[in-house]
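Colleague: For reference, the structure I am asking about is given below.
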Amino acid sequence: MKRPLLIIGTLIFMLFACTHDGIAPKSTGTPGGGTGGNTGGTGGSTGGGTGTPPSDIVCFQTDVLPLFQTYCASAGCHDAATQREELVLTSYANIMRGIRSKNPNGSKYYTVIQEGSMPPRNKPQLSTAQVATIGKWINQGALNNTCAVTTCDTTKTTYNNGISLLFATYCNGCHGIAPGSGNVVLSDYASAKSAGTTMKANFLNAINFTSANAAMNMPQSGKLSDCQVTQITKWINSGCPQ
C-alpha cells in the first residue's frame, strides 16, 4: 500500500506546484555586468546614450520590471515568499543574474520565457509583444533606466484602449487564466467587465491599496501610478465600456 500512496502523493504535488524547466543561471560569472551592477550605467531617463531614439527606448522600471513581477514573481513562484529555485525576480539586481547585455540568446531568463517554460505552461504566458519588449531592452544594453516621459493617458478608459494593456502588464500573471486568483479573470472583456461591475467596491479598494485585507490590494508588485489608478477608476465608474 505504501508505494501506491507515494505515487498518488507525488502526482498531487506535481499538479499544484509551480514547476517548469530550471531557470537558475549557471555559476559562470556575472551575466550582464554582475549581480546588480548597472550594465553600462543606469542610463538615466534617456537610455544612457545608446544611440536609440528616445521614443524607441525600452525602460526597465516601467516596461520590463512589471512583466517579470507579474508573470514570473507571482505567488508561489519566484516571489520573495516562495523563492522557487532560490530565485526572487522582483528587482534589477536579481533579474540581471540571468541576463546578458546585448545578448538575448545568451540570456537564460529571456530564453526560457521565449521557449515558454517560464512562466510554467499551465500559467498565463507573456504575449509575443511582451517577449519582444524584453528582447529589445536586452539589445539596448539591459539598463536599469526609467522613462522620464510617462506614456499614461487618463483619456484611455475603455477596455480595448488602455485598460486591457494595464491588465496585461500588471495583473494577468494572476488573473489571466480561469478561474484566476480570487475567481477574477481580466484577460478578456466579458470577464473583466463582470469583475468590474459585480465587485466594484472591492476592485476600487484593491487598486487604491485601501482594502481591509492588505493581501487583496493589487497588483502584488506595488500600487499603480496615480494616472493608471485614474484610468481604471474611470473605466469602472463609467460601466466598464469595451
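Colleague: In this structure, is I177 among the β-branched types (V, I, T), under 23 Å from C72 (Cα atoms), open to solvent by less than 60 Å² (accessible area, probe 1.4 Å) and within 18 Å of the chain's Cα centre (by Cα)?
Modeller: The answer is no for I177.
Colleague: Among the listed residues Q125, Q61, identify the single one that is at pLDDT below 95, open to solvent by 60 Å² or more (accessible area, probe 1.4 Å) and assigned to a helix (DSSP H, G or I). Break it down stepwise before answering.
Modeller: Working: Q125 fails: assigned to a helix (DSSP H, G or I).
Answer to the selection: Q61.
Colleague: Here are T210, T158, T198: which of them is open to solvent by less than 70 Å² (accessible area, probe 1.4 Å), of a type outside the set (F, W, Y) and over 18 Å from T70 (Cβ atoms)? If you could, list the steps in order and put the result at the bottom.
Modeller: Working: T210 fails: open to solvent by less than 70 Å² (accessible area, probe 1.4 Å); T198 fails: open to solvent by less than 70 Å² (accessible area, probe 1.4 Å).
Only one candidate qualifies: T158.
Colleague: Right, something else. Where in region 130-242 are there helices (runs of 4 or more DSSP H), lying wholly inside it, with at least 3 residues that are at pLDDT 90 or above?
Modeller: 163-170, 189-198, 200-208, 226-237
Colleague: Which condition number in (1) under 30 Å from S238 (Cβ atoms); (2) in contact (Cβ under 8 Å) with a residue 40 or more places away in the chain is the one that T155 fails?
Modeller: Failed condition: (2).
The values are calculated or read from the model by the stated rules, or taken from the named source; none is laboratory data. Just so it is clear, the model here is predicted, and its values are computed rather than measured. So basically every Cβ, Gly included, is an ideal-geometry build from the backbone, and we count neighbours across all protein chains shown. Quick note on the areas: whole protein, heavy atoms, side chains included, nothing else; ligands and nucleic acids left out. Shrake-Rupley method; radii C 1.70, N 1.55, O 1.52, S 1.80 Å.
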